[in-house]
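Report on the following structure.
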Amino acid sequence: MSDQVGCSLCGRIRGVDEEAAQTLAWVSTREKNVVRWMCPTCARRHARDIEGKLPDEYW
């Protein structure tokens with residue numbers, strides 16, 4: 001990889017020696033033309049935070 005990708009939440013750098021499944025688990029978001037990346041751990045944590053804020057009627 002020529003460009004390093006780092007998690008915008010914890011700072012972890014995606015490594016070239018990671019397993020393919022781990023590399024594919026990185027999540028990117030785009031806000032106001034800024035691309036941000038989240039590592040698999042932070043992406044899971046963030047998804048659970050969002051789910052936790054949903055009203056009971058959603059479930």
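The values are calculated or read from the model by the stated rules, or taken from the named source; none is laboratory data. Source: prediction; values computed, not measured. Here the Cβ positions follow ideal geometry from the backbone for every residue, glycine too, while neighbour counts run over all protein chains shown. Side chains are part of the model used for accessible areas, which takes the heavy atoms of the whole protein and leaves out ligands, DNA and RNA. Shrake-Rupley method; radii C 1.70, N 1.55, O 1.52, S 1.80 Å.
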(request) Hand me the trypsin sites (Lys or Arg not before Pro) from the chain located in a DSSP loop with no more than 12 other Cβ atoms within 10 Å, in residue order please. (result) Lys32
(message) Let me understand the chain better: what is its radius of gyration from the alpha carbons, and its Dmax, in angstrom?
(response) 13.7, 46
(request) Compare the Cα positions of Cys39, Ser8, Thr23 along the charge dipole of the chain (+1 at Cβ of Lys, Arg; -1 at Cβ of Asp, Glu; about the Cα centre) and return the one farthest towards the positive end. (result) Ser8
(message) Per residue, how much accessible surface does the range 1-54 expose to a 1.4 Å probe? Answer in Å², no decimals.
(response) 79 Å²
(request) Sum -39500 (n - 2.57) across every DSSP H segment of at least 4 residues in the chain, then divide by the residue count to get the 222 nm mean residue ellipticity, nearest 500. (result) -9500 deg cm²/dmol
(message) Just to check I understand the Karplus step: with θ = phi - 60° and J = 6.51 cos²θ - 1.76 cosθ + 1.60, what whole-Hz values come out for the range 3-20, glycine and proline as x?
(response) 9, 7, 10, x, 6, 6, 9, 10, x, 4, 9, 5, x, 6, 8, 6, 5, 4
(message) If you roll a 1.4 angstrom probe over the protein chains with everything in place, what fraction of the accessible area of the chain belongs to carbon and sulfur, to the nearest %?
(response) 50 percent
(message) Quick check: the angle from helix 40-53's long axis to the longest principal axis of the chain, C-alpha only, nearest 10 degrees?
(response) 10 degrees
(message) Defining a contact as two alpha carbons under 8 Å apart and six or more residues distant in sequence, what relative contact order in percent does the chain show?
(response) 29 percent
